[in-house]
């Protein structure tokens with residue numbers, strides 16, 4: 001049996017193929033789904049400016065139809081290559097980066113580009129939501145505060161303020177995940193891990209959409225929200241139209257799948273029980289699970305876990321791959337990407353000697369320092385800014401890059417500590433995965449997680465999706 005899985009992000013779409021035994025057995029099945037030999041395809045996304053997007057590199061708003069066409073094109077490419085090898089896909093399971101709010105009309109056509117986790121323009125609207133309802137009530141009802149880029153309720157308010165004509169004809173509020181599932185199966189569904197990114201879902205009890213009074217306060221109707229089904233369930237069968245588009249076999253089961261971080265954590269924990277997950281991409285994210293729901297707080301996000309009775313604690317660092325790419329674009333244009341990442345690796349000792357472990361935590365300001373909020377703070381309602389402090393006429397480009405890398409370590413360390421505290425246990429092992437060069441940043445991560453065993457895992461999200469697919473097939 002072959003399982004095809006997808007990891008659909010804002011900059012890349014990945015696909016992987018796994019082999020699992022025909023006789024599906026619980027423990028051996030899950031371990032095999034994570035460790036099985038895998039073929040991997042990666043499609044780099046080129047964001048083309050359309051109405052509603054503001055620049056070629058802007059990934060805060062993504063044209064929905066173009067994005068889905070890229071996903072379908074990748075599926076076709078994978079299917080054709082597998083058929084040439086005599087391999088047939090028996091099931092498909094996607095995982096998606098969240099959030100990615102999409103407004104659909106009554107014909108299920110997108111009305112505006114998807115508003116992704118990078119969309120921070122809704123900060124004033126998020127502050128209004130917090131002020132009008134209160135932080136305590138938000139945490140009690142939804143389990144999370146309406147942070148821009150983490151909860152879509154604020155993006156929906158931004159859209160209502162800027163484009164009221166879109167709101168007037170919106171029949172469904174979904175995320176990119178649901179759009180793909182519908183294109184493949186004609187079913188409009190989501191799963192708990194995706195629903196938890198909306199602010200309209202009971203993340204504390206994992207019971208479903210919140211009561212009607214809360215939804216009315218958010219200007220949302222229950223009929224506008226998709227049905228919530230388990231991530232490890234069959235959302236539907238591949239339709240004839242979708243089979244013609246993708247080249248895959250009509251009627252194969254399409255597994256619901258989930259959000260990227262809980263899905264990646266599922267794979268990490270299957271390989272290393274009790275570990276934390278460090279997912280690197282445009283942002284650096286630290287996540288870990290715990291039994292029972294943690295006390296909701298401002299310094300982290302809570303999501304349902306993909307194991308019953310467990311929850312996921314998530315912390316987003318303000319310094320990640322997007323910040324490093326910004327530095328290269330602004331200060332190192334003559335350096336190729338490969339040379340730039342090699343340079344980062346070579347600066348390990350320079351960062352160690354300039355800042356040291358003690359300096360990273362307690363002695364900021366004694367040398368060049370980078371204020372890390374270039375792309376905002378996903379755990380604050382303040383409009384925080386970035387910048388360099390302590391520059392002199394003798395400051396070099398290398399000094400500035402070392403300052404960025406020190407901030408990278410500092411923020412990642414603090415994130416790891418916050419997640420460990422919320423999870424209620426030390427994270428002795430940290431599985432690392434994601435889209436940016438893990439080997440170039442490995443020493444800097446090791447410094448950040450100084451008491452953890454760092455374990456690289458290629459493509460954790462598509463491996464976790466294979467676990468979900470294996471579970472669903474076993475149940476069906």
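Observations, loosely collected:
- Test: residue in the range 47-70 that is at pLDDT below 65, over 21 Å from residue 159 (Cβ atoms) and over 22 Å from the mean Cα position of the chain (by Cα): no
- Checking residue 30 against (1) assigned to a helix (DSSP H, G or I); (2) surrounded by fewer than 17 Cβ atoms within 10 Å (Cβ to Cβ); (3) at pLDDT below 85, the condition it does not meet: (2)
- Verdict on residue 108 being crowded, with 24+ Cβ neighbours inside 10 Å, in the same structural domain as residue 186 (by TED's automatic domain parsing) and either modelled with pLDDT of 95 or more or not in a helix (DSSP H, G or I) (or both): no
- Residue check, residue 327 out of contact with any strand residue (DSSP E or B) (no Cβ under 6 Å at 6 or more places or on another chain), within 23 Å of residue 444 (Cα to Cα), in the same structural domain as residue 376 (by TED's automatic domain parsing) and crowded, with 17+ Cβ neighbours inside 10 Å: yes
- So residue 175, is it at pLDDT 95 or above, outside the structural domain of residue 430 (by TED's automatic domain parsing), within 19 Å of the chain's Cα centre (by Cα) and under 27 Å from residue 3 (Cα atoms): yes
- Qualifying residue in the range 255-272 (condition: touching a helix residue (DSSP H, G or I) at 6+ places or on another chain (Cβ under 6 Å) and more than 30 Å from residue 427 (Cβ to Cβ)): no
- Selection status of residue 320, touching a helix residue (DSSP H, G or I) at 6+ places or on another chain (Cβ under 8 Å), touching a residue at least 40 places away in the same chain (Cβ under 8 Å) and farther than 21 Å from residue 4 by Cβ: yes
- Being touching a residue at least 60 places away in the same chain (Cβ under 8 Å), under 26 Å from residue 6 (Cα atoms) and surrounded by fewer than 17 Cβ atoms within 10 Å (Cβ to Cβ) is a property that does not hold for residue 217.
- Residue in the range 88-105 that is in a loop (DSSP other than H, G, I, E, B) and at pLDDT 95 or above present: yes
- Residue under evaluation residue 379, criteria (1) out of contact with any helix residue (DSSP H, G or I) (no Cβ under 8 Å at 6 or more places or on another chain); (2) at pLDDT below 90; (3) over 30 Å from residue 155 (Cα atoms), criterion not met: (3)
Each row is one residue, and each column tells you yes or no for (1) buried (at least 19 other Cβ atoms within 10 Å of the Cβ); (2) in the same structural domain as residue 258 (by TED's automatic domain parsing); (3) over 19 Å from residue 259 (Cα atoms).
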site: 416; (1), (2), (3): yes, no, yes
site: 425; (1), (2), (3): no, no, yes
site: 428; (1), (2), (3): no, no, yes
site: 432; (1), (2), (3): yes, no, no
site: 441; (1), (2), (3): yes, no, yes
site: 450; (1), (2), (3): no, no, yes
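- From 226, 192, residue being assigned by TED's automatic domain parsing to the domain that holds residue 71, surrounded by 20 or more Cβ atoms within 10 Å (Cβ to Cβ), over 22 Å from residue 60 (Cβ atoms) and in contact with a helix residue (DSSP H, G or I) (Cβ under 6 Å, 6 or more places away or on another chain): 226
The values are calculated or read from the model by the stated rules, or taken from the named source; none is laboratory data. All figures in this text were calculated on a predicted structure; none of them were measured in a lab. All Cβ positions, even for glycine, are placed from backbone atoms using ideal geometry, and neighbour counts span all protein chains on display.
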